[in-house]
Amino acid sequence: MILEALLLTTLLLLLGSASYTDCRVSRIWNRHLVYAAVPIFLLDFAYYSPLAGDGLAYWQPFLLNAGCLTLAGLLLYVLHIWAAGDTKLLMLVALAIPGRLYGGQLPYAGSGILIVAFAFLAAFAYVVLCGLGQRWHASRWLQRPQGESIRTVVKKLDWPRIAASYLLMVTLVQLIMAVGHVLLSAAAAKSPLIDAAASCVLILAILSLRRRMTTKQIAGGAVLSSTGLLLGSVAQMFFLSYALSAAILLWTAVLMCLRMLVQDYNYRTIPTEEVREGQILAAGTVCRFARSRVRNLPTGMTEDLASRLTAEEAASVRRWQHSRYGEDTVVIVRKIPFAIFIAVGTIAFLIFEVVGL
């Protein structure tokens, strides 16, 4: 119990430090992670030592969940959904949670993935609430050009892309969940909460990824995932409950609508002279550089972490302001401080699990 208390205290201090620096300077400092990693490794060694009593009995759920969370963090980094610092933080979070706490309310197989699920849901709720608040403050509800009807606005939407995106998400999420049920059949049967959380995380991840895909790529992916789901169902290789399938259909529609409603919150206009390393320029701003002869201007238009500005590119953008085609303002993509949402997800997970002990 003493070792568990020390691990959790170190974990809370780490989450507090990372959340503060991520919100304040948009960075999670490596030295802070190292400061926490040393006591975490020492405490883990003592906790799972044969001399520590019952701790050794929990090494399997500890390793399984630490592995799952590490793989999830690396995947999110590879997909440019969050930064390397967030992945390192999630790895330390997984190592700092005592193995006994992975089996409170849920079977220990993969229960730690709820940390990522809660973090994503908290981040999405934050974006939605801030986006709605921004619209309310600016009195921009249902804003459209003067004299243009709502019917015209609706007609201007890219309905083929929206339809293809919806089909891709509902089929791909169902396919992944079905395969997961086959691989983790015992845990899936006992953990409807993990099903719901994992479905939401997959939907939100695909929502983020589709911005970098063309309509043809989205449609092609939808055809492949639909075919895989159909063949698997016909061959009776896997099957999802009607309740889970219906929930995925509904959640996808709701999350897509909310995402479209608050998508303007993703962007912020700043003076060009304030452009700094690490920021991400909106695709529309990058397009304006095409006519300029200023060297080393950024070309990345994916609006994800792969398009973060280097120090040299940021300096070029500031020089561009004073060139022939330069402008005094640029639009950047807002950075979501994921560290604080990882903290929220971790605390929610601990509360949920501890209640079950």
Legend entry - Area accessible to solvent at Asp86, 1.4 Å probe radius, in Å²: 10 Å²
Inset, instruction - Rounded to the nearest Å, what's the spacing between the alpha carbon centres of region 36-87 and region 299-357? Just the number, please. - result: 26 Å
Legend entry - Per-residue SASA entry for Glu273, accessible area with 1.4 Å probe, Å² rounded to 10: 110 Å²
Legend entry - Estimated translational D of region 286-340 in µm²/s (Stokes, Kirkwood radius over Cα pairs; 25 °C; 0.890 mPa s): 201 µm²/s
Legend entry - Cα gyration tensor, region 25-95 - rounded (a/c under 1.5), prolate or oblate: oblate
Inset, instruction - Mind jotting down the three principal axis lengths of region 226-327 based on Cα atoms? Whole angstrom, largest first. - result: 63, 27, 22
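The values are calculated or read from the model by the stated rules, or taken from the named source; none is laboratory data. Just so you know, these numbers come straight off a predicted model, no measurement behind them. Keep in mind that these areas ignore ligands, DNA and RNA; they rest on the heavy atoms of the full protein, side chains included. Shrake-Rupley method; radii C 1.70, N 1.55, O 1.52, S 1.80 Å.
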